[in-house]
Amino acid sequence: MFTRGPAAGNDNYIRFLITGLIPWLGINEGIVRSTTSIVENAPMVRRLSFRSELLVVVPHASALIFELIGLTLFIGFLALKGSLSPLIWLLPVALVAQFAMQAGLGWFLATVYVFFRDLLPVLGFLLSIIFYLSPILYPVSERFSRLFAWNPMTPLLGLFRSAILSAALPSAGSVVFLLVVAAVLFAGGLLFFRRAQATLADLI
């Protein structure tokens, strides 16, 4: 299912691994923390004039800031080594797509968590599955490329690795797929949250 790529311990593999782990840690932290954000800030949600959807965005923004710090340090290290990618301009595209997907999922999960307080263990299990079904630890072999093409994490991490490591660009079709998924999740999650918003204050 996965190819080993550079050997473990090889500098190229370590860079490949770090470039996949930093975005994943930001995604994981943002999604988990945003899921409980409405329940944890119940007094603010009960203020009808307060835009409670912003409470879900804050954990994502916080996770993104720490992710940016990690990426900046790593990119600075690569620059000192003379390995700065000429495709670094792709990094904002990857970050925007990541944030849109996170925020959309966060709004959806924060709403569901109000109704189902046992969601966190299930979410942790699902995130573990997504972790191992994403090209974070190893690149996907050509044999399974079509299967993993349906995982938006595949083109997203491809963009990060192109921007930071000068890896081959993801195909145009996969990038379009990523942007469509990000837009649909963002708009769909926000719409779902706003439709349920009137009942959230009564349930928390």
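Filtering the stretch 155-173 to residues that are surrounded by fewer than 21 Cβ atoms within 10 Å (Cβ to Cβ) and assigned to a helix (DSSP H, G or I) leaves Leu165, Ala172, Gly173.
The sole residue among Leu91, Leu127, Leu71, Leu109 that is surrounded by fewer than 20 Cβ atoms within 10 Å (Cβ to Cβ), over 13 Å from the mean Cα position of the chain (by Cα) and either at pLDDT 90 or above or among the aromatic types (Phe, Trp, Tyr) (or both) is Leu91.
Of the candidates Phe99, Phe115, Phe160, the single residue that is touching a Gly at 6+ places or on another chain (Cβ under 9 Å) and over 26 Å from Asp11 (Cα atoms) is Phe99. Return the residues of the stretch 174-204 that are in contact with a Leu (Cβ under 8 Å, 6 or more places away or on another chain) and within 9 Å of Gly104 (Cα to Cα); say none if nothing qualifies. Passing the criteria: Leu185, Gly189. All told, Ile65 meets the bar of being closer than 22 Å to Ile18 by Cα, surrounded by fewer than 16 Cβ atoms within 10 Å (Cβ to Cβ) and among the β-branched types (Val, Ile, Thr). Quick one: in the stretch 134-151, which of the residues that are more than 14 Å from the chain's Cα centre (by Cα) and either at pLDDT 90 or above or small (Gly, Ala, Ser) (or both) is nearest to Glu40 (Cα to Cα)? Taking the candidates together, the pick is Leu137. When restricted to residues that are in contact (Cβ under 8 Å) with a residue 40 or more places away in the chain, of a type outside the set (Ser, Thr, Tyr) and surrounded by 14 or more Cβ atoms within 10 Å (Cβ to Cβ), the stretch 39-54 contains 4.
The values are calculated or read from the model by the stated rules, or taken from the named source; none is laboratory data. All values reported here derive from a predicted model rather than from experimental measurement. A quick note on method: Cβ atoms are made from the backbone with ideal geometry, for glycine too, and the neighbour counts reach across all protein chains shown.
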